[in-house]
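These notes are about the structure you will find just below.
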Amino acid sequence: MKGLRILIAWSLVLVLAAGTALAPLRAQEKTLPYWALLRFEKVNMRVGPSEEYPIAWVYSRKGLPVKVVRIREGWRLVEDHEGTQGWISASQLDLARGGLVTGSVPAEVRAAPEGSAAVKWRAQPGVIAKMKKCRAGWCEVDIAGRKGFVAADRLWGSQDLPGDE
């Protein structure tokens, strides 16, 4: 009886370990393209899918949204808001959703998802927002703990992509 309990416990440990180890593989099965965020303050973009390739660009903005357009083993070909493409290790990306305020003037952050709602504040171009799925042309955002709604056309990262769930 005691041996059976030990066998069941070890089986459970192995199942949990396998599930944790396979999580990155499941992420590789996402439909392309999809959105991701830079996970760290410093992330290297390379010209090819390996650390053997030279660094083309170094990002220094944690949370910057990127579009994943191709997958190769543990690497992702991403595109940034300026159209620059390169390879980033999958471990450097977060699958959360985010947006970057675009344009040349501040974006109005409103109290509700409609143009007639009160303006709570304005977000400067280049500001990064955490966001939920956008609906009817508006995105619910969280910018440094302040919440509101921004017109989807003012956020790079608001477009629904096939790989987004």
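The values are calculated or read from the model by the stated rules, or taken from the named source; none is laboratory data. Fair warning: this is a prediction, and the values are worked out from it, not measured in the lab. Ligands, DNA and RNA are stripped out before the accessible areas are found, and what is left, the full protein with its side chains, is counted by its heavy atoms. Shrake-Rupley method; radii C 1.70, N 1.55, O 1.52, S 1.80 Å.
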Restricting to aspartates and glutamates and to Cα separations under 13 Å from Lys67, and discarding same-chain partners fewer than 8 apart, the set is Glu79, Asp80, Glu82, Asp94, Asp160, Asp164
Which percent of the accessible area of the range 22-165 is formed by carbon and sulfur heavy atoms (probe 1.4 angstrom)?
49 percent
Under 15 Å from the Cα of Lys147, which aspartates and glutamates turn up, not counting those fewer than eight places away in the same chain?
Glu108, Glu114
Could you do me a favour and compute the accessible area per residue for the range 65-118, 1.4 Å probe, result in Å²?
45 Å²
